[in-house]
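Colleague: The structure under discussion is supplied below as structure tokens; questions concerning it will follow.
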Amino acid sequence: MLVLFLAAGIIHTLKSRFFQVRKLGYWWKETIGSVGRGQTGDKRHITQFQSACTALAATIGTGNIVGVATALTAGGPGALFWMWISALISMATGYAETMLGIKYRYRDRDGAWISGPMVYLERGLGKRWLGMLYSLFCIPVSLGMGSMVQSNSISETLEFSFSFSPVMTGVAVTILVAMVVWGGIGRIAHVSEKLVPFSAGIYIFFSLIVILSCYEKLPSILSQILVSAWAPSSVLGGTAGYGISRSLQYGVSRGVFSNEAGLGSMAILHGSAENTTPEKQGMWAMFEVFFDTIVICTLTALVILCMTDGDAAGSGYDGAVLTSYCFAERLGPLGEYLVAGSMILFAFATIIAWYYLGRQAAAYLAERLKLLSGHPALKASIAEQLYTFLYLYAVFTGCVAKLQTVWELSDIWNGLMAVPNMIALFILIKEVKYPGDR
């Protein structure tokens, strides 16, 4: 899967002639620089900024804290370098799938936009069965990775840091999620628009405090990142190259699965944006990959590397515990609470965003099955109601259950979900256009 992700990113990067680098000023001005230009959304249609925040809500999650720490302990400081490389080429992938999603989207009978890989697989590639297959895989991913895994992170964090009961956490989180998702994409986007900038802003602020307090270490840390990325830590017979292979493996994999470029989720989440173009929403997707990996993941990594003097594995900790330890070393108890709060906010944002992803997939699949079978019971509205019940049940279950099997199954479903999307990205490459193309 990593080979497919990287291949798609490299091919689209070359096809665009390194658009993400060459036109950095342009796409920056057209995305975050255009915020506040009088756009308004409603309960079914959302603004470009709201769609970007909703997509960021799905991507900025526990992986930015847990995944980065794991990458550094397993792959060394060089893993961060390969996260940067994966982000650079994943920006092209995110652009391509979002641009295709907007190009082939259509309105349903109620006037709401339907977008995503299932749409361009059917309308662009002419393979309805692949669109149905993508939707089929997307549903368990949303119930597992998007719901249960995230709510489990919230529950474990509250239990560890504040001694909250998992059952009480489950009830509270389920009610809060229900209050948001029952308001449709409009309410999801509205909450994301407020939650993502707030939570990310706080995390960035305190991360910079820790990093700048260790400014004298930064030259040495940056040197370790570059040296570790290219040079094996020890050259002993058959182990030669092992260091660089682990840095590349963990850096690229955590980068790819942090920003989700290649899964097709961005194409769904951007589908409801109004007053936009395929190219403009594609640039928003590029910004999201940049912000998720280059900004948030890098800050987490630098905090860990600064506080462990570049030896994350030698700290004896891993995952969220390692990140908490590093913040607490500089900020005291506030550091532990900061990581706990960030985990909770990031995970909650991911839950509400992935609900919309799964609901769109369930509605699409039900409508296509109805067309094929002619069975009147297979209606999108019924599928959405059933999916909502299952999703809320998954949220509660994630809070009270042990999820090792769910983690493993989510990885498998994640990979299966990406396969149809990868096929479309390779075959429809000529349909991907960039600003200025004739």
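The values are calculated or read from the model by the stated rules, or taken from the named source; none is laboratory data. It should be emphasised that the depicted structure is a prediction, and the values quoted were computed from it without experimental measurement. Areas reflect the complete protein model, heavy atoms only, side chains present, ligands, DNA and RNA absent. Shrake-Rupley method; radii C 1.70, N 1.55, O 1.52, S 1.80 Å.
Colleague: How big is the Cα convex hull of the stretch 154-204 in projection, averaged over all directions, in nm²? Kindly include the intermediate steps, with their values, before the conclusion.
Modeller: Details: hull surface 16.4 nm².
Dividing the Cα hull surface by four gives the mean projection, 4.1 nm².
Colleague: Any idea of residue 3's accessible area? Nearest 10 Å², probe 1.4 Å.
Modeller: Approximately 110 Å² of residue 3 is accessible to the 1.4 Å probe.
Colleague: Still on this structure, I have one more. Could you give the length gained by full extension between residue 223 and residue 162, i.e. 0.36 nm per residue of separation minus their alpha carbon distance, to one decimal place?
Modeller: 18.1 nm
Colleague: Okay, moving on. I'd like the projected area of the stretch 171-231, averaged over all directions, using the convex hull of its alpha carbons. Report it in nm² with one decimal. Please report the intermediate quantities before stating the final value.
Modeller: Numbers: hull surface 29.0 nm².
Answer in nm², one decimal: 7.3.
Colleague: Mind ranking 30, 288, 408, 367 by accessible surface for me, highest first, 1.4 Å probe?
Modeller: Highest to lowest solvent-accessible surface, that is 408, 367, 30, 288.
Colleague: A further question on this structure: May I ask which of 103/127; 23/194; 29/103; 103/194; 127/280 have a Cα-Cα span longer than 18 Å here?
Modeller: 23/194; 29/103; 103/194; 127/280, as the Cα separations exceed 18 Å there.
Colleague: Another question about this same structure. Taking 2.2 N^0.38 Å as the expected size of a compact globular protein, what ratio does the Cα radius of gyration of the stretch 86-144 give against it, to two decimals?
Modeller: Numbers: Rg = 12.8 Å, N = 59, 2.2 N^0.38 = 10.4 Å.
The value comes to 1.24.
Colleague: If you don't mind, there's one more thing I want to ask. Which log10 I(q)/I(0) values, to two decimals, does the stretch 75-182 give at q = 0.10, 0.13, 0.20 Å⁻¹ under the Debye formula with one point per Cα?
Modeller: -0.53, -0.82, -1.06
Colleague: For the stretch 298-338, what is the accessible area per residue in Å² when the probe is 1.4 Å? Mind showing how you got there, number by number?
Modeller: Numbers: 1580 Å² over 41 residues.
Per residue, the stretch 298-338 has an accessible area of 39 Å².
Colleague: Here is a further query. Measure off, as a whole percent, the carbon and sulfur share of the 1.4 Å-probe accessible area of the stretch 80-173, all protein chains present.
Modeller: That share works out to 64 percent.
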